[in-house]
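Structure record follows, encoded as structure tokens.
The values are calculated or read from the model by the stated rules, or taken from the named source; none is laboratory data. Just so we're clear, the structure is a prediction, and the values are computed from it rather than from any experiment. Neighbour counts run over all protein chains shown; Cβ positions are idealised from the backbone, glycine included. Ligands, DNA and RNA are stripped out before the accessible areas are found, and what is left, the full protein with its side chains, is counted by its heavy atoms. Shrake-Rupley method; radii C 1.70, N 1.55, O 1.52, S 1.80 Å.
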Amino acid sequence: MARPRAEDYDDKRKAILKTSAELFAEQGFDRSSMNQIATGCGVSKALLYHYYANKDALLFDIIRDHLDELIGAVEEAVAPGLAGEARLLACVSALLDAYRDANAEHKIQINEMKRLPPAQQEELKERERRLVALFAGALCDAVPALAADGSVLLKPVTMSLFGMVNWHYLWFRDGGPVSRADYARIATRLILDGARNLSA
């Protein structure tokens, strides 16, 4: 008979992932050990291995859960009937808010995914493509010319928007002169004005 899961299993798993993400982001994946993770979590190595057999399994779950949270946040933010610039702004705002307290996970997604086996990388990249598609759809809704036959602008414009948003963690500070909501409006306006000028 299988051993039943503890009621706090999911909470402990998330705490392990958070601690591991911070350690991987600070020290690097290669220089981090399961022993260090167990110590950081305040648990025994035996308990840690009850949740994760190795660092690769931890790395995959950190990135997968992070991407799932981003996708969920963006999908939830786009209310039925929301269109045009309002739809894109909702997407950008939701993504920036979902990045709050997730700098470690974001850094790992960018720097460490390549360490996983190809099949797992592809599974994660499919999630990335799903997130990109949400923004590409919102951009086409706001600037229909991007979706026109023969247009080659949609991909570079979409990825330029991700460039602005994904790297904000290098300079953005909560409590600074520009809020997340402010930056969402700035990024949205910059990309829309640029896309409309390019499409004209």
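Between residues in the stretch 28-45 that are free of Cβ contacts under 8 Å to residues at least 24 places away in the same chain and residues that are open to solvent by 40 Å² or more (accessible area, probe 1.4 Å) and outside any loop (DSSP other than H, G, I, E, B), which pairs lie under 6 Å by C-beta distance while being six or more apart or on different chains?
A38/K45
Considering each residue of the stretch 130-155, count those that are under 21 Å from Q109 (Cα atoms) and open to solvent by 30 Å² or more (accessible area, probe 1.4 Å), and give that number.
5
Condition (residue is assigned to a helix (DSSP H, G or I) and under 30 Å from S179 (Cβ atoms)) applied to the stretch 26-45: is it met by at least one residue?
yes
Could you grab me the full set of residues in the stretch 72-124 that are open to solvent by 80 Å² or more (accessible area, probe 1.4 Å), under 17 Å from K18 (Cα atoms) and free of Cβ contacts under 8 Å to residues at least 40 places away in the same chain?
Within the stretch 72-124, just D101 meets the criteria.
Filtering the stretch 156-196 down to residues that are surrounded by 13 or more Cβ atoms within 10 Å (Cβ to Cβ), not in a helix (DSSP H, G or I) and not β-branched (V, I, T), which residue is nearest to the chain's Cα centre (by Cα)?
F172
Six or more apart or on different chains, Cβ atoms under 9 Å: show the pairs whose first residue is in the stretch 167-181 and farther than 18 Å from I110 by Cα and whose second is in a loop (DSSP other than H, G, I, E, B).
Between residues of the stretch 167-181 that are farther than 18 Å from I110 by Cα and residues that are in a loop (DSSP other than H, G, I, E, B), the close pairs are D174/R100; V178/F172; R180/Y99; R180/R100; R180/F172; R180/D174.
Scan the stretch 68-79 and tell me whether some residue there is part of a helix (DSSP H, G or I) and touching an Asp or Glu at 6+ places or on another chain (Cβ under 8 Å).
Yes; the residues of the stretch 68-79 include at least one that is part of a helix (DSSP H, G or I) and touching an Asp or Glu at 6+ places or on another chain (Cβ under 8 Å).
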